[in-house]
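Colleague: Structure in structure tokens, see below.
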């Protein structure tokens, strides 16, 4: 049987700098034997002196770890893909539990053990533990993002449970930050969750945001959206922005100097002009679509893979089922990031945007 | 010249309850006037003092009309114009 064997970066120089090599055998053991004959240095990495596979190396057949199959006796078919994944990356060790937990990441060449270490070393701030913050924080936690900060000042309300998957019935009345932390840690105890049980204001934004690498905007009001935008720009942090209403979602990524929320919408609407979700409603599952896309963009930024949504605004119309993308440009006349900025410090729009805070009545 | 105009769900009440309508006009300004004739009050939601509202963007196909010729932007048969207000929900 001829199979393909994926060789991850740490082993590649021992396999002629190839990402994939061909090998033959009836089962995993025979394939590894041939691999060892063809690449003697690699053999020393995948076999101990006694001929067994060391504990820090996992072997996968079509994405399944062989301990859950028949070990070295696992039969292989023509066209199967094997992967030899070490738990060593960047001088730091992934524990066997981490190798298994993140195996579907590690097995992908775009992530690998090095990428997984990047995720584990990353710090991401999620503003709002609501409709968007729930799915985005959840997928970041599952992905092993090492430090997740949650900013929210609200408590869980029964009406939140139609869409906010971080919170459950028994959490009603609890601070959203605490409920969010407990949920994230129950999914993945391997991460650190930092809670900021406060509204984001001009007093604290520049203390909180600089502690993180990337900011996710899941705010439910214009006041906080402009605050997050301005503070992320001043702190030089990428902002993964999403917003929703009724059946519509919007998503983009602002990198400092390449356009910001004020380039798109220079100023907030007057009170009452654009309703909040509490006033107009939102399809619950829509928050899952946009929040999950925000998590995807964060992971891409951390891993430095693919094309970020920077410079593009994604529009999702749930009713027509259509995704469209329009161009988003840096505005040279932007009051914040333009050529002659007029905004040089944080502005509290309290009571200005139709959704003053703190308010327990306007929650998305 | 028939131009397709699309709006978000929170603006559909402004164009008779539809998500998209056909409008007429050789320029964007003419198109907005055409919509105002058919849906009185429409323009007040996207413009103020003859300027576009700062929390509403209009796209001709995939380009923001602020980076084209704004209300003077010429339109062609088959163009799609999208009217997009800022959404605050999260």
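Colleague: Condition first: closer than 26 Å to residue A:261 by Cβ, away from chain A (no Cβ under 11 Å) and not in a helix (DSSP H, G or I). Now tell me which residues in the stretch B:27-50 satisfy that.
Modeller: The answer is B:47, B:49, B:50.
Colleague: Which strands (runs of 3 or more DSSP E) sit wholly inside the stretch A:151-262 and have at least 1 residues that are more than 17 Å from residue A:313 (Cβ to Cβ) and either modelled with pLDDT of 95 or more or within 14 Å of chain B (Cβ to nearest Cβ) (or both)?
Modeller: The strands (runs of 3 or more DSSP E) meeting that bar are A:192-196, A:214-217.
Colleague: Residue check: is residue A:97 in a helix (DSSP H, G or I) and surrounded by fewer than 17 Cβ atoms within 10 Å (Cβ to Cβ)?
Modeller: Details: in a helix (DSSP H, G or I): yes; surrounded by fewer than 17 Cβ atoms within 10 Å (Cβ to Cβ): yes.
Considered against the rule, which asks whether it is in a helix (DSSP H, G or I) and surrounded by fewer than 17 Cβ atoms within 10 Å (Cβ to Cβ), residue A:97 comes out as yes.
Colleague: When the stretch B:38-69 is examined, which residues are found to be modelled with pLDDT of 95 or more and at positive phi?
Modeller: Passing the criteria: only B:61.
Colleague: Moving on. List every residue pair whose Cβ atoms sit under 8 Å apart, with the two residues 6 or more apart in sequence or on different chains, where the first one lies in the stretch A:272-289 and is more than 10 Å from every other protein chain (Cβ to nearest Cβ) and touching a residue at least 24 places away in the same chain (Cβ under 8 Å) and the second, anywhere, is assigned to a helix (DSSP H, G or I) and surrounded by fewer than 22 Cβ atoms within 10 Å (Cβ to Cβ).
Modeller: A:284/A:162
The rows are residues; the columns are (1) within 14 Å of another protein chain (Cβ to nearest Cβ); (2) more than 20 Å from residue A:242 (Cα to Cα); (3) in contact (Cβ under 8 Å) with a residue 12 or more places away in the chain.
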position: A:309; (1), (2), (3): yes, no, yes
position: A:315; (1), (2), (3): yes, no, yes
position: A:318; (1), (2), (3): yes, no, yes
position: A:323; (1), (2), (3): yes, no, no
position: A:327; (1), (2), (3): yes, no, yes
position: A:331; (1), (2), (3): yes, no, yes
position: A:337; (1), (2), (3): no, no, yes
position: A:340; (1), (2), (3): no, yes, no
position: A:345; (1), (2), (3): no, yes, yes
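Colleague: Being in a loop (DSSP other than H, G, I, E, B) and either farther than 15 Å from residue A:320 by Cβ or touching a helix residue (DSSP H, G or I) at 6+ places or on another chain (Cβ under 8 Å) (or both) is the filter here, so list the residues in the stretch B:1-16 that pass it. Before the answer, list the steps.
Modeller: Let us first name the residues in the stretch B:1-16 that are in a loop (DSSP other than H, G, I, E, B), namely B:1, B:8, B:16.
Correct list: B:1, B:16.
Colleague: Another question, if that's okay. What is the one condition in (1) touching a residue at least 12 places away in the same chain (Cβ under 8 Å); (2) within 12 Å of chain A (Cβ to nearest Cβ); (3) more than 23 Å from residue A:330 (Cα to Cα) that residue B:24 does not satisfy?
Modeller: The one condition residue B:24 does not meet is (2).
Listed here are the residues, each with its yes/no results for (1) crowded, with 22+ Cβ neighbours inside 10 Å; (2) touching a residue at least 24 places away in the same chain (Cβ under 8 Å); (3) more than 30 Å from residue A:347 (Cβ to Cβ); (4) within 20 Å of the chain's Cα centre (by Cα).
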| site | (1), (2), (3), (4) |
| --- | --- |
| A:118 | no, yes, yes, yes |
| A:127 | yes, yes, no, yes |
| A:131 | yes, yes, no, yes |
| A:143 | yes, yes, yes, yes |
| A:162 | no, yes, yes, no |
| A:187 | no, yes, yes, yes |
| A:197 | no, yes, no, no |
| A:206 | no, yes, no, no |
| A:210 | no, yes, no, yes |
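The values are calculated or read from the model by the stated rules, or taken from the named source; none is laboratory data. As the structure is a computational prediction, the values presented were derived from the model and not from experiment. Counting neighbours? That spans all protein chains shown, and the Cβs are built from the backbone with ideal geometry, glycine included.
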